[in-house]
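The structure appears below as structure tokens.
The values are calculated or read from the model by the stated rules, or taken from the named source; none is laboratory data. On a predicted model such as this, the values are computed, not experimentally measured, just so you know. Note that each Cβ is placed from the backbone with ideal geometry, even for glycine, and that neighbours are counted across all protein chains shown.
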Amino acid sequence: MRIVSFVGQKGGVGKSTLARVLAVAAARKGHKVLLGDFDLEQLSCIEWSATRLRNGIEPDVEARSFKSLKKLRQSVEGFDLVVVDTRGLADELTTDISLESDVVFLPTGTSMDDLRPTLALARRLAKNRKIGNKIVLILSKVGRSNRLLEIARETIANAGLEVLDNIWPERDGFQADLDIGKAGSESNNAYLREAAALIEADLLYLALDNQ
Ligand SMILES: Nc1ncnc2c1ncn2[C@@H]1O[C@H](COP(=O)(O)OP(=O)(O)O)[C@@H](O)[C@H]1O
Ligand SMILES: [Mg+2]
């Protein structure tokens, strides 16, 4: 059983979205996936999972809400991947979840406003040597400027941090899909499917294959 978490200092950077993208990609490959939602204010994953069930979208992706790591530990039996979505803040629970995880994804936008707190959190988490080698950044909700993307990649490389090769591009269509219980490569739009497939391959590799 593997645990992969999405953490961050900020809201709105794509944590809950990418958690659902990974969960769907793994479920479509036949894995038994649990989405663990620690964001009790938003419950994005819980709501989405219910919408998915209501709309009859297969495969089902089970989502449960958790307040503590202890409760999560008690629920993981029978699953081979647990995808954890967290709140947009970095507290003690963030560190505990990161310690428990095999991979810790930090989605971030390309702007310095997004990168600054993300790099700060990554450095803070990496002080714990048991977390440092699990941290992977994801360039998320990336707009169309190649220049901004290159600067962001350079900034991350200079900080000595790892980042996924593929990006999560900003496209309104992804939002529309989430609203009906889909995620990523389940899109009806071929272009969106293609864009999602690239990052899904990266996420799946780190979540499941790279053991
Ligand atoms: N690739 C994307 N393109 C456009 N909108 C996106 C994309 N990914 C996520 N969003 C939207 O951005 C908002 C914040 O995403 P969310 O995953 O909830 O962030 P977080 O969990 O980090 O707060 C949501 O409204 C979501 O639908
Ligand atoms: Mg969220």
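Structure above, values below:
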quantity: Pair list, Cβ under 6 Å, 6 or more apart: region 196-211 residue free of Cβ contacts under 8 Å to residues at least 12 places away in the same chain, other residue surrounded by fewer than 20 Cβ atoms within 10 Å (Cβ to Cβ) and part of a helix (DSSP H, G or I); calculated: none
quantity: Selection from region 4-36 of residues that are part of a loop (DSSP other than H, G, I, E, B) and within 11 Å of ligand 2 (Cβ to nearest atom); calculated: Val7, Gly8, Lys10, Gly11, Gly12, Val13, Gly14
quantity: Index of the failed condition, Asp39 passing every other in (1) within 16 Å of ligand 1 (Cβ to nearest atom); (2) not in a loop (DSSP other than H, G, I, E, B); calculated: (2)
quantity: Complete set of residues in region 47-62 that are of a type outside the set (S, T, N, Q), part of a helix (DSSP H, G or I) and more than 13 Å from ligand 1 (Cβ to nearest atom); calculated: Ala50, Arg52, Leu53, Arg54
quantity: Conditions (1) of a type outside the set (S, T, N, Q); (2) within 16 Å of ligand 2 (Cβ to nearest atom); (3) over 22 Å from Gly8 (Cα atoms): number failed by Ala183; calculated: (3)
quantity: Odd one out for Ile156 among (1) in contact with a strand residue (DSSP E or B) (Cβ under 6 Å, 6 or more places away or on another chain); (2) within 16 Å of ligand 1 (Cβ to nearest atom); (3) not in a strand (DSSP E or B); calculated: (2)
quantity: Near pairs, Cβ below 8 angstrom, 6+ apart or cross-chain, from region 102-113 (part of a loop (DSSP other than H, G, I, E, B)) to any residue that is modelled with pLDDT under 95; calculated: Asp102/Gln211
